[in-house]
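The values are calculated or read from the model by the stated rules, or taken from the named source; none is laboratory data. As the structure is a computational prediction, the values presented were derived from the model and not from experiment. Glycine also receives a Cβ, built like all others from the backbone with ideal geometry; neighbour counts cover every protein chain displayed.
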């Protein structure tokens, strides 16, 4: 197990190194200077700016500086947002994104698991079909379309919740629902399949033969075992939360990381784009690693079969 | 069973004629893989309906821009921001095609009457007075085109990479798999966004950016299949007969895994449609006057409060496309490879 984890961590570091390098060189390929919007700068001022940010150094030198600074935790300063250090910009903005992400994962997982379990217990009834239908909708409808429609019909027309911005718990309701749709659908689908499989297994028949109640069978025996593989959906979920955060924070005007990223893209703010990309990549890699390790820890069958490698 | 009093007498029976020729007769027509799969897909009503919806949408995407007298990029600012109005449906008030628009405060406006416009814009017009009907179908055309080509490139790269990796094996396989593992670890959001920033938005850059990361899952699936087939008798037979490696892979192995390849491609189409729309929505989509469903939704979103139809119509179309493709892909997966159910 330790060897496996070490190997995976090495991979993780290598992947991140690739991402950091690729990000750096791709950004260098983009034509135009980051100061293009500041048209009022004179030629001399522009030169001073370019020298200050080291943009005239040979690319390998810039690259070396970038890697060294990165290891120190310094991601450079933003070109556009008043020279704020990128790391500070990120830490200021990560709060709303984290709250939104956590809420949508928790709520989405609870609803998704419930839908999946009910669908499996009432197989091929209208309840099952409804839950499958919701899952297909959640998987198919792009999250920004869903968010836009939600904002228009629920916030603007019905006025149940605030339309946008980030001023309190009620402001988080609609973005959380919009972001949770994918979580709901993917956990519901997965949960249903797992649950159907578990319900057909021998130990459930045995539990029934021993006279266990319906509740005992479905919760104590089936649900607990069916829940284990659901951990693997965390990987795709992390991706959907990232892409989702960009559009949903934009739609609802939430001052989070995603909104910052979109804004930086539109104004060519390289350091912020690079920093945020690397953060996204790092989060994703860590999530995948954690999922793989957790899976080995939680499921005893995997641990036993992999026992030789310990 | 129902009537116990019925007497079954011996003369009701009669010896059967033994015909050795007939005992070997195959009564059911023998079906090949595809006929069998089609029979199973046909039973899945959702997939069949989706198939028809998709065909209809493809036809509309091709014909739609021609059906209306207005061109998708023709501006007419005098006719800007009109609500949808369709001949015949305009008097049915509860349908959204009556040429009226209700403001946020519940006031009903009749822009066609107030501006004295005789024309019928079936889906309304946008902020520059361009016909939304033409734009929506033009956008559908572009979105489907991008998705189709992205999926095709994914398929070509993925199949070739996976087949080579699995077939050659050894060191090559191990290096190729390490590369895939690193690529899989990078979120495609980051790759696609960075690629579009470098390449500048356009149809071909979007297709390329989507293809860069999209092929990995196909490569993994194909590699696993090649490893499975590699030691089977038909491959050995082909080798003994002197078939080249290329012809073993492409003539003998690939046809055997066509089902899985098709399923994988079908799943990557909705994914590409989503990503194209997503890029448009964060400002990295096609440039004016070109339209894709994503840019239309993005434009409509900006004026959503005043003119909801500009966002709702493309939003509904993209949702229908996504649902249809997902259902077809699900149906195909169940029909072609029941083991792959997730």
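Conditions (1) at pLDDT below 70; (2) within 14 Å of another protein chain (Cβ to nearest Cβ); (3) in contact with a strand residue (DSSP E or B) (Cβ under 8 Å, 6 or more places away or on another chain), marked per residue:
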residue: B:79; (1), (2), (3): yes, no, yes
residue: B:88; (1), (2), (3): yes, no, no
residue: B:97; (1), (2), (3): yes, no, yes
residue: B:135; (1), (2), (3): no, no, no
residue: B:142; (1), (2), (3): no, no, no
residue: B:146; (1), (2), (3): no, no, no
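Can you confirm whether residue A:266 is surrounded by fewer than 23 Cβ atoms within 10 Å (Cβ to Cβ), at negative phi and facing chain B (nearest Cβ under 9 Å)? For residue A:266, the condition - surrounded by fewer than 23 Cβ atoms within 10 Å (Cβ to Cβ), at negative phi and facing chain B (nearest Cβ under 9 Å) - is met. Considering the conditions (1) over 28 Å from residue A:245 (Cα atoms); (2) within 14 Å of chain A (Cβ to nearest Cβ); (3) without any contact (Cβ under 8 Å) to a residue 12 or more places away in the chain, residue B:177 is excluded by exactly one of them, (3). Can you find a residue in the range A:291-301 that is at pLDDT below 75, in contact with a helix residue (DSSP H, G or I) (Cβ under 7 Å, 6 or more places away or on another chain), away from chain B (no Cβ under 12 Å) and not in a helix (DSSP H, G or I)? Yes, that holds for at least one residue. In summary, residue A:73 fulfils each of the numbered conditions (1) without any contact (Cβ under 8 Å) to a residue 60 or more places away in the chain; (2) on the phi < 0 side of the Ramachandran plot; (3) touching a helix residue (DSSP H, G or I) at 6+ places or on another chain (Cβ under 9 Å) with the single exception of condition (2).
Quick one: would you say residue B:59 is part of a helix (DSSP H, G or I), surrounded by fewer than 12 Cβ atoms within 10 Å (Cβ to Cβ), within 33 Å of the chain's Cα centre (by Cα) and at pLDDT 70 or above? Answer is yes for this residue. Residue-level analysis places residue B:190 among those that are within 10 Å of chain A (Cβ to nearest Cβ) and buried (at least 17 other Cβ atoms within 10 Å of the Cβ). Residue A:147 passes every criterion in (1) within 14 Å of chain B (Cβ to nearest Cβ); (2) more than 25 Å from residue B:282 (Cα to Cα); (3) assigned to a helix (DSSP H, G or I) apart from (2). Of the residues making up the range B:194-218, those that are within 14 Å of chain A (Cβ to nearest Cβ) and in a helix (DSSP H, G or I) number 15. What is the number of the single condition among (1) within 11 Å of another protein chain (Cβ to nearest Cβ); (2) on the phi < 0 side of the Ramachandran plot that residue B:313 does not meet? Here residue B:313 clears every test but (1).
Among all residues of the range A:71-79, there is at least one that is under 18 Å from residue A:274 (Cα atoms) and modelled with pLDDT of 75 or more. Is one or more of the residues making up the range B:159-173 out of contact with any strand residue (DSSP E or B) (no Cβ under 9 Å at 6 or more places or on another chain), within 14 Å of chain A (Cβ to nearest Cβ) and either part of a helix (DSSP H, G or I) or crowded, with 17+ Cβ neighbours inside 10 Å (or both)? No, because not a single residue in the range B:159-173 is out of contact with any strand residue (DSSP E or B) (no Cβ under 9 Å at 6 or more places or on another chain), within 14 Å of chain A (Cβ to nearest Cβ) and either part of a helix (DSSP H, G or I) or crowded, with 17+ Cβ neighbours inside 10 Å (or both).
Just one of the listed residues (A:1, A:12) is over 22 Å from residue A:267 (Cβ atoms) and modelled with pLDDT under 75, namely A:1.
Against the condition touching a strand residue (DSSP E or B) at 6+ places or on another chain (Cβ under 8 Å) and either modelled with pLDDT of 75 or more or more than 27 Å from residue A:266 (Cβ to Cβ) (or both), how does residue A:85 come out, does it pass? Criteria met by residue A:85.
When residue B:319 is tested against (1) under 19 Å from the mean Cα position of the chain (by Cα); (2) buried (at least 21 other Cβ atoms within 10 Å of the Cβ); (3) at the interface with chain A (Cβ under 8 Å from one of its Cβ atoms), only condition (2) is not met. Within the option set B:191, B:221, being in contact with a helix residue (DSSP H, G or I) (Cβ under 7 Å, 6 or more places away or on another chain), within 26 Å of residue A:20 (Cβ to Cβ) and either in contact (Cβ under 8 Å) with a residue 40 or more places away in the chain or part of a helix (DSSP H, G or I) (or both) holds for one residue only, B:191. In summary, residue B:264 fulfils each of the numbered conditions (1) free of Cβ contacts under 8 Å to residues at least 12 places away in the same chain; (2) more than 14 Å from every other protein chain (Cβ to nearest Cβ) with the single exception of condition (1). Looking only at residues in the range A:111-141 that are outside any helix (DSSP H, G or I) and in contact (Cβ under 8 Å) with a residue 24 or more places away in the chain, the one that is nearest to the other protein chains (Cβ to nearest Cβ) is A:141.
If you check residue A:117 against the conditions, is it in contact with a strand residue (DSSP E or B) (Cβ under 7 Å, 6 or more places away or on another chain) and surrounded by 13 or more Cβ atoms within 10 Å (Cβ to Cβ)?
no
Answer yes if at least one residue in the range A:219-242 is within 14 Å of chain B (Cβ to nearest Cβ), without any contact (Cβ under 8 Å) to a residue 24 or more places away in the chain and under 19 Å from residue A:172 (Cα atoms), and no otherwise. Checked against the condition, which is being within 14 Å of chain B (Cβ to nearest Cβ), without any contact (Cβ under 8 Å) to a residue 24 or more places away in the chain and under 19 Å from residue A:172 (Cα atoms), the range A:219-242 yields no hits at all.
Residue-by-condition table, conditions (1) touching a strand residue (DSSP E or B) at 6+ places or on another chain (Cβ under 7 Å); (2) within 22 Å of residue B:327 (Cβ to Cβ); (3) part of a helix (DSSP H, G or I):
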| residue | (1), (2), (3) |
| --- | --- |
| A:177 | no, no, yes |
| A:189 | no, yes, yes |
| A:194 | no, yes, yes |
| A:203 | no, no, yes |
| A:206 | no, no, yes |
| A:211 | no, no, no |
| A:235 | no, no, yes |
| A:246 | no, no, yes |
